[in-house]
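**Student:** Attaching a single structure in structure tokens format; questions to follow.
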Amino acid sequence: MPRWPEDSRTRLVDAAMSLFGEHGYAATTVDEIAARAGVTARTFFRHFGDKEEVLFSDDDSLMPHLIATIAEPTGPVAAEALMSRALSSLAEVMQPDREALRARQRIIDTEVSLAGRELAKQARWQRAVTMTLIERGFADEHAEVLSAIGFALFVRELHAWLADDDGPDLAQRMRDALPRVRTVLDVVSTR
């Protein structure tokens, strides 16, 4: 039998999410997470640098997917078409995990440090997207604006989707929202 079972990471994430939901993020310790997962704290730290990292563990697979979709060699492509394809593709990967994403977002929303880590992650992603758009041939200033718009749109639609059981799925929300970006600058305030 291996010293560290192959499913230790999954068990640690499951244990952490359960404990965060039961007791709150701040009140949960690494030792409690490890005990619930049936491993030692040392094993926890083999998989995660800290308990914050548990909440962001799936992100490691999402960013490469997004970057690969943007970088896919399709020849010249309009910015709107590329953004639609990239955002919809990311949404399709995330859709099956709706309940886990809801639980995660509830926890992030309760802790300022977690919200900060989420923003830092988004900034890293946005920079990587910008660089990939530049490699695709977009001018620097266009790539920066496109990645900023893409992230703002994705975050807005993700939160709306997590809050709304009756609306369209996340990928459809992305496809519907993107064309509306063109009209935002024409909106007039009500006051």
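The values are calculated or read from the model by the stated rules, or taken from the named source; none is laboratory data. The shown structure was predicted, so the numbers you read here are calculated from the model rather than taken from an experiment. Note that each Cβ is placed from the backbone with ideal geometry, even for glycine, and that neighbours are counted across all protein chains shown. Each accessible area value is taken on the protein alone, full model and side chains, heavy atoms only, with ligands, DNA and RNA left out. Shrake-Rupley method; radii C 1.70, N 1.55, O 1.52, S 1.80 Å.
**Student:** For segment 56-81, which positions are within 11 Å of the chain's Cα centre (by Cα), touching a residue at least 60 places away in the same chain (Cβ under 8 Å) and either part of a helix (DSSP H, G or I) or exposed (fewer than 13 other Cβ atoms within 10 Å of the Cβ) (or both)? Can you show your working first?
**Tutor:** The first filter runs over segment 56-81 and keeps only residues within 11 Å of the chain's Cα centre (by Cα), leaving 56-63, 66.
If we keep only those that are touching a residue at least 60 places away in the same chain (Cβ under 8 Å) as well, we get 56, 59, 63, 66.
Those that are within 11 Å of the chain's Cα centre (by Cα), touching a residue at least 60 places away in the same chain (Cβ under 8 Å) and either part of a helix (DSSP H, G or I) or exposed (fewer than 13 other Cβ atoms within 10 Å of the Cβ) (or both): Asp59, Met63, Leu66.
**Student:** Related question: Identify all residues within segment 121-130 that are surrounded by fewer than 17 Cβ atoms within 10 Å (Cβ to Cβ) and more than 12 Å from the chain's Cα centre (by Cα); write none if there are none.
**Tutor:** Scanning segment 121-130 gives Arg127, Ala128.
**Student:** Quick one: which of Glu92, Glu118 is of a type outside the set (Ser, Thr, Tyr) and more than 11 Å from the chain's Cα centre (by Cα)?
**Tutor:** Details: Glu118 fails: more than 11 Å from the chain's Cα centre (by Cα).
After ruling out the rest, the residue left standing is Glu92.
**Student:** Whether any residue in segment 113-134 is of a type outside the set (A, V, I, L, M, F, W, C) and over 20 Å from Ser57 (Cα atoms) is what I want to check. Even if it seems obvious, please write down each step before you answer.
**Tutor:** So the first thing to find is which residues in segment 113-134 are of a type outside the set (A, V, I, L, M, F, W, C), and the list is 113, 116-118, 121-122, 124, 126-127, 130, 132.
Going one step further and asking which of them are over 20 Å from Ser57 (Cα atoms), we end up with 130, 132.
There is at least one residue in segment 113-134 that is of a type outside the set (A, V, I, L, M, F, W, C) and over 20 Å from Ser57 (Cα atoms).
**Student:** Say whether the condition of being under 24 Å from Ser113 (Cα atoms), of a type in the set (D, E, K, R) and more than 24 Å from the chain's Cα centre (by Cα) is met by at least one residue in segment 6-19.
**Tutor:** No, because not a single residue in segment 6-19 is under 24 Å from Ser113 (Cα atoms), of a type in the set (D, E, K, R) and more than 24 Å from the chain's Cα centre (by Cα).
**Student:** Answer yes or no as to whether Pro64 is modelled with pLDDT under 95 and more than 27 Å from Asp169 (Cβ to Cβ).
**Tutor:** Details: modelled with pLDDT under 95: yes; more than 27 Å from Asp169 (Cβ to Cβ): no.
So Pro64 fails the test.
**Student:** Which residues, counting only those in segment 16-34, are without any contact (Cβ under 8 Å) to a residue 24 or more places away in the chain, in a helix (DSSP H, G or I) and under 14 Å from Asp50 (Cα atoms)? If you could, list the steps in order and put the result at the bottom.
**Tutor:** Going through segment 16-34, the residues without any contact (Cβ under 8 Å) to a residue 24 or more places away in the chain turn out to be 18-19, 22-23, 27-34.
Next, only the ones that are in a helix (DSSP H, G or I) stay: 18-19, 22-23, 30-34.
Within segment 16-34, Val30, Asp31, Glu32, Ile33, Ala34 qualify.
**Student:** Residues Ser84, Ser113: which one is assigned to a helix (DSSP H, G or I), within 16 Å of Arg180 (Cα to Cα) and either open to solvent by 30 Å² or more (accessible area, probe 1.4 Å) or of a type outside the set (A, V, I, L, M, F, W, C) (or both)?
**Tutor:** Numbers: Ser113 fails: within 16 Å of Arg180 (Cα to Cα).
Ser84 is the lone residue from the list that is assigned to a helix (DSSP H, G or I), within 16 Å of Arg180 (Cα to Cα) and either open to solvent by 30 Å² or more (accessible area, probe 1.4 Å) or of a type outside the set (A, V, I, L, M, F, W, C) (or both).
**Student:** Here's a follow-up. Filtering segment 131-190 down to residues that are part of a helix (DSSP H, G or I) and hydroxyl-bearing (Ser, Thr, Tyr), which residue is most open to solvent (accessible area, probe 1.4 Å)? Steps first, answer last, please.
**Tutor:** Residues of segment 131-190 that are part of a helix (DSSP H, G or I), as a first pass: 131-135, 140-163, 170-184.
Now narrow it down to the ones that are hydroxyl-bearing (Ser, Thr, Tyr): 132, 147, 183.
Details: Thr132: 11, Ser147: 4, Thr183: 77 Å².
Among residues in segment 131-190 that are part of a helix (DSSP H, G or I) and hydroxyl-bearing (Ser, Thr, Tyr), the one most open to solvent (accessible area, probe 1.4 Å) is Thr183.
**Student:** Just one of the numbered conditions (1) of a type in the set (S, T, N, Q); (2) closer than 22 Å to Trp125 by Cα; (3) not in a loop (DSSP other than H, G, I, E, B) is not true of Thr43; which one?
**Tutor:** Of the numbered conditions (1) of a type in the set (S, T, N, Q); (2) closer than 22 Å to Trp125 by Cα; (3) not in a loop (DSSP other than H, G, I, E, B), the odd one out for Thr43 is (2).
**Student:** Now, a different point. Consider only pairs whose beta carbons are under 8 Å apart and that are at least six residues apart or on different chains; among these, list those whose first residue lies in segment 113-125 and is over 24 Å from Ala68 (Cα atoms) and whose second residue is acidic (Asp, Glu).
**Tutor:** Note: pairs meeting the criteria are Ser113/Glu52; Leu114/Glu52; Ala115/Asp109.
**Student:** Something else: Please work out which one of (1) over 15 Å from Phe151 (Cα atoms); (2) free of Cβ contacts under 8 Å to residues at least 60 places away in the same chain is the condition Glu52 fails and give its number.
**Tutor:** Just one mismatch for Glu52, condition (2).
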